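Some notes on the structure that comes next.
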Amino acid sequence: MTSDGEVTYETKTVRAVRGMESRTIKKWEADGWEFVSQSPGKVQAEITFRRPRPKFRRLLWMTGGAVSVLVLAISIAVGIVSEKDTAPAESTNPLGEMPATPSRPPSPEATDRAPAQSSNTDDVVLTSTNSPEFAAVLASTNYCSPAIAAFAKAHSGQTIKFRGSVGEMARHGDSKTRYDILINAGDYGDGSSRGPAFQFRDENTTYDLHWVGSVPDRIGVGTNLTLTAEIDRYEERSCLFLLEPVTTAAR
């Protein structure tokens, strides 16, 4: 608290892919941050949090300020004593001229060229266009390739976007409304068998896929989709590349 008892806060703004806001809020609240507000965007939402500033920082600042005042007072006192004991030295610049090259404030042009604040690479949605590494994964002819496993491990928790199609669907366990959905890269029946064996596991096709645009009457083998998903993990034993749906659009 401040001297009058008011709590001071520090704030943080993070970005989350649409559909993952609640997970992001839970993560930061678990770290001690308090949710303040949320501003939605087309792909990402900006979420603001706050938390009380640690007391030790304010105490350190106050202590440092007191020490600075004390040092300044001592310096002034020593300077006064020195002036009394020492005769004034002859001026080396009797005309009081300014230096030949005075410092100048930065020009507006220089200010405009200041580098923008860097963004967290984890917030970038990876596509075959902006990520050559992901493009190579989508073009792989071996869905058990070690390169796919390495990509999934390196980018776990990040978001990818690609065009795919439903290759297989099976009920998850004994459930009648939840499915394991195998996703192939590219359009269904285009003659290619490239890319990982992506899978949505234990998902409800109505609610969990987070449909955008028109929602199809049914989804099944052969349905072409545009998928935005978070990378979960790669299973070495089954060679399945597990994803968590963020948004799904029918094509």
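The values are calculated or read from the model by the stated rules, or taken from the named source; none is laboratory data. Note that the coordinates shown come from a computational prediction; the quantities given were computed from them, not determined experimentally. These accessible areas exclude ligands, DNA and RNA; they are computed on the full protein's heavy atoms, side chains included. Shrake-Rupley method; radii C 1.70, N 1.55, O 1.52, S 1.80 Å.
Can you send over the solvent-accessible area of I219, 1.4 Å probe, protein chains only, in Å² to the nearest 10?
Taking all protein chains as shown, I219 has close to 30 Å².
Heads up, I need the accessible area for K27: 1.4 angstrom probe, whole protein in place, Å², nearest 10.
120 Å²
Check I183: other-chain or 5+ apart residues with amide H under 5 Å from its amide H, H built from backbone geometry?
For I183, whose amide H was placed from the backbone, the distant partners under 5 Å are G167, F198, Q199, F200.
Return the sequence-ordered ³J(HN,Hα) values of region 128-137 in whole Hz as given by the Karplus equation 6.51 cos²θ - 1.76 cosθ + 1.60 applied to θ = phi - 60°, using x for Gly and Pro.
For region 128-137, the Karplus-derived couplings read 5, 7, 9, 9, x, 5, 5, 4, 5, 5 Hz, x marking Gly and Pro.
Check which residues have an amide H placed less than 5 Å from S145's amide H, if you skip close sequence neighbours.
none
How large is the accessible surface of V17 in square angstrom, using a 1.4 angstrom probe and rounding to the nearest 10?
20 Å²
Which whole-Hz couplings ³J(HN,Hα) result when phi for each residue of region 229-239 is put into the Karplus expression 6.51 cos²θ - 1.76 cosθ + 1.60, θ = phi - 60°, listed in order with x for Gly and Pro?
8, 8, 6, 8, 6, 10, 8, 4, 5, 9, 6
Express in nm, to one decimal, how much length is gained between V7 and E46 on full extension, taking 0.36 nm for each residue of separation and deducting their alpha carbon distance.
11.6 nm
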